[in-house]
Structures are given as C-alpha cells and as structure tokens.
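Down below is the structure, laid out as structure tokens.
The values are calculated or read from the model by the stated rules, or taken from the named source; none is laboratory data. No experiment lies behind these values; they were computed from the predicted model shown. Reconstructed Cβ throughout: ideal geometry from the backbone, glycine too, with neighbour counts over all protein chains shown. Only protein heavy atoms, including side chains, enter the accessible area calculation; ligands, DNA and RNA are left aside. Shrake-Rupley method; radii C 1.70, N 1.55, O 1.52, S 1.80 Å.
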Amino acid sequence: MTAEYLQNLSAALRDYGVDKPVAVVDLDRLDANCSLAVSLAAQGLASRLVAKSLPCLPLLDHIRAKVPASGLMTFSEPMLSTLLDAEPDTDHLIGKPLPISSAARVLKKNPTAAERVQWLIDTAENLDAYLGLAQALNLRLRLSLEVDIGLHRGGLRPEDIPQIAQRIGSHPYATLAGVMGYEAHLAKLPHVLKSRAMRSSASAFQRAIVGLPNAGEGLCLNTGGSLTFQSYAAGSAANEVAFGSVLVKPTDFDHPTTAAFQPAAFIASPILKVIQGNALPGLDFLPRWKTDLAIFGGHFLGQPVFPDGFSYSSIFGRSSNQEVWTGPLDSSAIPGDIALLRPTQSEAVLNQFGPLLVLKGGQVVDEWQCLPN
C-alpha cells in the first residue's frame, strides 16, 4: 500500500465531498482478495462467509458473485432477522449461541427460520432450552453443536457429542445439522506451541465427527477462520471452512498467512485543524518541531495511515470528539483533507458510520447500506 495510493484515495474522498467519518471499501482490492481466497481454499471444501465481518448486504452480494458460498455465519438477532427478510434461500449457521429469547423473537417473526438456520448448541442446558422452545412453537429446529477444539472459549467436549447427538436425533422437534469447531488460537500461538496445538485441534475435531451419526455424513462440518481457512484440505474431517475479514484485511489480520491479501477497507475522516509547531499545553514557552492535526470524531478502532508520518498524540490522548494526531513539522496537510485509518477489525466497524462508500478505479461509485450489528 503505497503513499501514492493513500494520497489518491484521500483526494478522491475529498472530491466526493466527505465531511464526516465514513467507512470505505475499495472494490479493486476486494476483487483481488476474492480471487486469491478462491485460489487458496481447497477444492472440495465449501466456503461460508462470516456476515459480521462483512456487514453489508450489497458487499456480501458482490463477494458471493466471486466466492461461491454455502451460506453465511451469522452472529446477532438484528443481523439475522434482516438477512432472513432479505434473502429467502440463504443457509445461516449461527456463530455463537444466541440467548433463547433472541431465538424466540426471530422464530415468532419468521417461522421459516426453522428450516433456514442452524442454531448453535454449546451446553446440555442450552440444548434443553432450544428443545423446549421448539416444542412450544411447534417447529422442528436444526441444531448444530459447538465443539471446543482447543480455543477453550466454551463449547462441548468431543466426548460429549454422542450423547448430545442422540438426544437431538430422538427428539420430535429437532434435527442434527452439524458441528462447528473454531480454532482462532492456532494462528496466534508461538511457533514452539503451534505444531502440538494443530495436532490436538485436528484430533479433537475428528473425535467430535466420529461421535456423530454416520460419522457426520450429510452434515455441516465447519471449522476455520480468516487466518486458517487455507490450511484445510479436501478429505479432512471438515467439509466447510468459514472466513470473512481477510477479504477486506483489517490490521488484526496482518499475519504471515495473509501476506498476499491487500487492505481493502478504510476509515476516513475530515481534518478539521492543522497546527504546525503547536506548543505543548503548559509548556508554551518551548519550541516544538511537530504538527498536530485534529480530525472529525475519533477513538475509532483503527490505525492512522494518512497523512504520512502521523500517529495518535500521546499528549492529547484519545478522543471521540476531535482526536489529535501528531506528525512531521513539514506536513502539507490542510483542513478539509481526508485523514485515513486502517480499521483494526471489520466487524462492528464497517457498519458504524452509516452507508459504506464504495470505490472502483480510484473513484467513489456507490454508497451501500449496511446491516445492523
């Protein structure tokens, strides 16, 4: 990502009339990332897009035209309800166990969610609640099991699977849909621990599959994430991998496994003030060879990348009102220029600012409405 690219992006946004904080996606970079993801994902494994990481229906549609997807992984009641209303055929695997009250509201509003959603079960108690809801609503629910394969953020143990699967299979209001094992820890462990953890994770997932009826044949066997999806081969225990953030590559996904992907999403905000040689508060008598600038808003989940050489001010601290960045004295920035940040994550960020600005060929070409969190 060159200084020239960032300069041109900032100029394009200023020309478009950006006058408040916005999120931006560059379709040229996104398209390159989509092609790369397709080439890296193993043939024979289905791909499921993570909706919370790409929280905009036109964005999802654009990606699905380039990355064939088995469905979406969805994480919240508002986003799920919106997507169920918008799309009649999409399969949703819930990415975290939703409170039973949330599931009840979704199913009462849209009973077809019973056929279109894989509700995630992580404990025997949670299973009891979902079976009770299914019976109360006279709906047959598709239930998938969250398995702890090493992340240790909850989920069933592999040895729990046979009993839980048997309970679902014998219940008149439930169908076993699959299992999901998330392993975000694998890409982040130090090398000395990684090999052992990878073997342990693969073994745990395999043991979970063995505990399913017919060894999981015909079920959704989901694992992976943006930092690991490319490590799975066809013929492994999983038949589906999930990813999303890597396609826009926020800074939390800068990793050796994603080195070939390009940052495609940005936060942009107008520069309100530029003060060269700005004195430090209380030390007005001392010269200072720095420039301070203040942007519209702030405290964003992002890292400054433009103007070049600027970073958060250690003097003024973080602010949600007009955040101050400090940089070189000879900066050419002026009020009205557009400051740029790379978001640290895409979930709960890309849909934080209203419509998502869409660039292609270096120009803003559209504004896309985002999904609720």
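Among residues of region 263-277 that are closer than 30 Å to residue 27 by Cα, none has a Cβ under 9 angstrom from a residue that is in a strand (DSSP E or B) and among the hydroxyl-bearing types (Ser, Thr, Tyr) at a sequence gap of 6+ or on a separate chain. Note on region 59-89: residues that are within 23 Å of residue 184 (Cβ to Cβ), open to solvent by 20 Å² or more (accessible area, probe 1.4 Å) and touching a Pro at 6+ places or on another chain (Cβ under 8 Å) total 1.
Consider region 302-330 and keep the residues that are touching a residue at least 40 places away in the same chain (Cβ under 8 Å) and open to solvent by 20 Å² or more (accessible area, probe 1.4 Å). The one that is nearest to residue 225 (Cα to Cα) is 303. Restricting to region 179-233, count the residues that are over 18 Å from residue 253 (Cβ atoms) and of a type in the set (Val, Ile, Thr). So the count comes out to 4. What number of residues in region 187-196 are part of a helix (DSSP H, G or I) and either in contact (Cβ under 8 Å) with a residue 12 or more places away in the chain or surrounded by 14 or more Cβ atoms within 10 Å (Cβ to Cβ) (or both)? The total comes to 2.
Each row is one residue, and each column tells you yes or no for (1) of a type in the set (Gly, Ala, Ser); (2) within 30 Å of residue 26 (Cβ to Cβ).
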{"site": "177", "(1), (2)": "yes, no"}
{"site": "199", "(1), (2)": "no, no"}
{"site": "209", "(1), (2)": "no, no"}
{"site": "226", "(1), (2)": "yes, yes"}
{"site": "235", "(1), (2)": "yes, no"}
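Against the condition more than 24 Å from residue 348 (Cα to Cα) and either hydrophobic (A, V, I, L, M, F, W, C) or open to solvent by 60 Å² or more (accessible area, probe 1.4 Å) (or both), how does residue 127 come out, does it pass? Yes. Considered as a group, the residues in region 144-184 that are surrounded by fewer than 20 Cβ atoms within 10 Å (Cβ to Cβ) and under 26 Å from residue 243 (Cβ atoms) include one that is farthest from the chain's Cα centre (by Cα), and that residue is 157.
Evaluation of residue 218 against the conditions (1) surrounded by fewer than 23 Cβ atoms within 10 Å (Cβ to Cβ); (2) in a loop (DSSP other than H, G, I, E, B); (3) in contact with a Ser or Thr (Cβ under 7 Å, 6 or more places away or on another chain); (4) not aliphatic (A, V, I, L, M) shows that the sole unmet condition is (3). One residue stands out among those in region 333-347 that are in a loop (DSSP other than H, G, I, E, B) and among the charged types (D, E, K, R): the one that is most open to solvent (accessible area, probe 1.4 Å), which is 347. Of all residues in region 273-301, those satisfying the criterion of being surrounded by fewer than 17 Cβ atoms within 10 Å (Cβ to Cβ) and either within 36 Å of the chain's Cα centre (by Cα) or under 21 Å from residue 9 (Cβ atoms) (or both) are 273, 299. Residues of region 18-48 that are farther than 19 Å from residue 350 by Cα and outside any helix (DSSP H, G or I): 41, 42, 43, 44, 45, 46, 47, 48.
Per-residue answers, yes or no, for (1) part of a loop (DSSP other than H, G, I, E, B); (2) among the β-branched types (Val, Ile, Thr); (3) touching a His at 6+ places or on another chain (Cβ under 6 Å):
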residue: 316; (1), (2), (3): yes, no, no
residue: 327; (1), (2), (3): no, no, no
residue: 349; (1), (2), (3): yes, yes, no
residue: 353; (1), (2), (3): yes, no, no
residue: 366; (1), (2), (3): no, no, no
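Of everything listed in (1) over 23 Å from the mean Cα position of the chain (by Cα); (2) open to solvent by 10 Å² or more (accessible area, probe 1.4 Å); (3) modelled with pLDDT of 95 or more, the single unmet condition for residue 208 is (2). The sole residue among 215, 174 that is modelled with pLDDT of 95 or more and either farther than 19 Å from residue 48 by Cα or touching a His at 6+ places or on another chain (Cβ under 7 Å) (or both) is 174. The conditions are (1) over 25 Å from residue 204 (Cα atoms); (2) over 10 Å from the mean Cα position of the chain (by Cα); (3) not small (Gly, Ala, Ser), and residue 249 fails exactly one of them. Which is it? Answer for residue 249: the failing condition is (2).
Scanning region 90-120 for residues that are touching a helix residue (DSSP H, G or I) at 6+ places or on another chain (Cβ under 8 Å) and either of a type in the set (D, E, K, R) or free of Cβ contacts under 8 Å to residues at least 24 places away in the same chain (or both), we see that the one that is least open to solvent (accessible area, probe 1.4 Å) is 98.
Do we find that residue 199 is within 30 Å of residue 175 (Cβ to Cβ), open to solvent by 60 Å² or more (accessible area, probe 1.4 Å) and assigned to a helix (DSSP H, G or I) in this structure?
Considered against the rule, which asks whether it is within 30 Å of residue 175 (Cβ to Cβ), open to solvent by 60 Å² or more (accessible area, probe 1.4 Å) and assigned to a helix (DSSP H, G or I), residue 199 comes out as no.
Out of curiosity, is residue 50 open to solvent by less than 30 Å² (accessible area, probe 1.4 Å), touching a Pro at 6+ places or on another chain (Cβ under 7 Å) and either farther than 30 Å from residue 233 by Cβ or among the β-branched types (Val, Ile, Thr) (or both)? Taking the combined requirement at face value, the residue does not satisfy it.
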